[in-house]
Amino acid sequence: MKKEEVKPFKLNDVVSLKRSEVTITNFEQRDEVGTKQASDGGTFIAIQYTIKSISEEPVKISIYT
């Protein structure tokens, strides 16, 4: 099976999915998020994004922490 090439996205690129479009609007590296501290040598990446529904169905979002 041939490996698919992965193309990185740039800020403000619109990524079309089945029923929505996602746009990464900003990101930043952080040592902590809320009360959680990154492990030694680690970092968090905080991502800001928008989601636009492009179907008749509402967009469902689940965030796990």
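Rule-based calculations on the coordinates, nothing more; no lab input. The shown structure was predicted, so the numbers you read here are calculated from the model rather than taken from an experiment. All Cβ positions, even for glycine, are placed from backbone atoms using ideal geometry, and neighbour counts span all protein chains on display.
Among the residues of region 37-48, those that are under 12 Å from the mean Cα position of the chain (by Cα) and either β-branched (V, I, T) or exposed (fewer than 10 other Cβ atoms within 10 Å of the Cβ) (or both) comprise I45, I47. Criterion applied to S55, S39 was being in contact (Cβ under 8 Å) with a residue 12 or more places away in the chain and assigned to a loop (DSSP other than H, G, I, E, B), and the one residue passing it is S55.
One residue stands out among those in region 1-36 that are part of a loop (DSSP other than H, G, I, E, B) and polar (S, T, N, Q): the one that is surrounded by the most Cβ atoms within 10 Å (Cβ to Cβ), which is N12.
For region 45-65, the set of residues classified as closer than 24 Å to V33 by Cβ and polar (S, T, N, Q) consists of Q48, T50, S62, T65, listed by residue number. Taking region 1-33 as the range and being in contact with a strand residue (DSSP E or B) (Cβ under 7 Å, 6 or more places away or on another chain), basic (K, R) and farther than 16 Å from A46 by Cα as the test, only R19 passes.
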